[in-house]
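Worksheet: the structure to be examined is printed underneath.
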Amino acid sequence: MQQGSLKEIGKLFLKLGLIAFGGPAAHIAMMRDEVVRRRQWMNDDHFMDLVGATNLIPGPNSTELAIHLGKKKGGWKGLVLAGLCFILPAIFITLGLAWLYKNYGTLPEIQPFIYGIKPAIIAIILSAVYPLAKTSLKSNFLIGIGILALIASFFGINEIIVLFGSGLLAMTVQYLKNSQKHANSFIPIGLITASNSQLFFIFLKIGSILYGSGYVLFAFLDSELVQTGILSRQTLIDAIAVGQFTPGPVFSSVTFIGYQINGYTGALVATVGIFLPSFVFVAALNPLVKRMRNSALFSSFLDAVNVASVALIIVVCFIMGKESVTEWKTVLITLLSLITTFGFRKINSAWVVLGGALLGYLLSLV
């Protein structure tokens, strides 16, 4: 049984690692489609608890969610397997592009395909947000928190402030309502490691403290590598492009950067450094999620964080739409993708991504 579970975990997250375009919000939507709707590993409530948990720790959210899901299905072996299978396809694809870039000074022309993928991704996110919102909005109080989180996100309030603020507000109200004082305590998570590689420590530090999107990652990289003269800004910009058009976590861009700095060794230490904290944090946090849900006080915290997470995903979707749906061609791809995702629920989201890519290519010829 365990072996069968591990095989299923490996196949699923390897597939997602190959076709999960569009950033964390899209990855979360695809994972929900696979583990809640298609495979029924868990219900939406538990799925949203894990989404909320990933938002409370540093690192790439979708990678951490994959690690959580692997732990749920296959224990500690599943935790490691899901994380590796999700990130390795992106790492190897990025490594191949890094080799081309270093040897030929350019990247393949893939813009027509990305042109169609982005609108399709928006449809996938919207089709997942709707049931998640229905699950999360359990009361008028939580609806109010969701509205406040949505407004705060639109006005650019830091997502960590939105998440923790929502959770603490709900916890305070719950505490005042029932005056229960038996909240569980939490042990701070620490990461201790040793290495002589400056590159490893740079990426380990970033992976240990970084909250936010891939764009926040690139701000850190600019500060740590470009401004210190280790990397050129043009190479960083090209790394951003690689992160946008490869599947899987955008953090795999560091593989590209590490290769430019120090070849295969640089790619290896950069990749291990950036992703290692996620495995450690999730391993430490995962057992606490159930304990939090069983506590009335921390359960209210999780409920509010889940609602705020949905609000953040909606804002990301809105921003993506403004950037990607700009003319009739992208409007057409978005509408067709929405009809597919909402009208034909059994269709795998991978086909929507591939269909968007093909439409984008064909319409670019018009």
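Note on residue 11 and residue 228: the extension gain reaches 74.0 nm, defined as 0.36 nm multiplied by sequence separation minus the Cα-Cα distance.
At a probe radius of 1.4 angstrom, the accessible area of the chain per residue rounds to 45 square angstrom. Ordered by 1.4 Å accessible area with all protein chains kept, 97, 354 run largest first as 354, 97. Global size of region 60-181: 20.7, 66 Å for Rg and Dmax (C-alpha atoms, Rg to one decimal, Dmax whole).
Both the radius of gyration and Dmax for the chain are 20.3, 66 Å, in that order, over alpha-carbon atoms. Within the straight-line cut-off of under 28 Å between alpha carbons, the lysines reachable from residue 118 are 11, 15, 102, 134, 322, 329, 346, sequence neighbours fewer than 8 places apart in one chain being disregarded.
Taking a sphere under 12 Å around the Cβ of residue 7 and counting the other residues whose Cβ falls inside, with K and R at +1 and D and E at -1, yields a net charge of +2. For residue 344, the accessible area of its heavy atoms, probed at 1.4 Å with every protein chain present, is near 120 square angstrom. Taking each residue as 0.36 nm, the span from residue 345 to residue 365 lengthens on full extension beyond its C-alpha to C-alpha distance by 4.2 nm. The HN-Hα couplings worked out from phi for region 204-210 by the Karplus form 6.51 cos²θ - 1.76 cosθ + 1.60 (θ = phi - 60°) are 5, 5, 4, x, 8, 10, 7 Hz, whole numbers, x standing for Gly and Pro. What shape does region 6-88 take by its C-alpha gyration tensor, where a ≥ b ≥ c are the square roots of the eigenvalues and a/c under 1.5 counts as rounded, a/b above b/c as prolate, and the rest as oblate? Rounded shape, in that the Cα axes give a/c under 1.5.
The values are calculated or read from the model by the stated rules, or taken from the named source; none is laboratory data. For clarity, every value in this text was computed on a predicted model and none was experimentally measured. Here Cβ is always computed from backbone atoms with ideal geometry, including for glycine, and neighbour counts include all displayed protein chains. Side chains included, ligands, DNA and RNA excluded: accessible areas come from the protein's heavy atoms. Shrake-Rupley method; radii C 1.70, N 1.55, O 1.52, S 1.80 Å.
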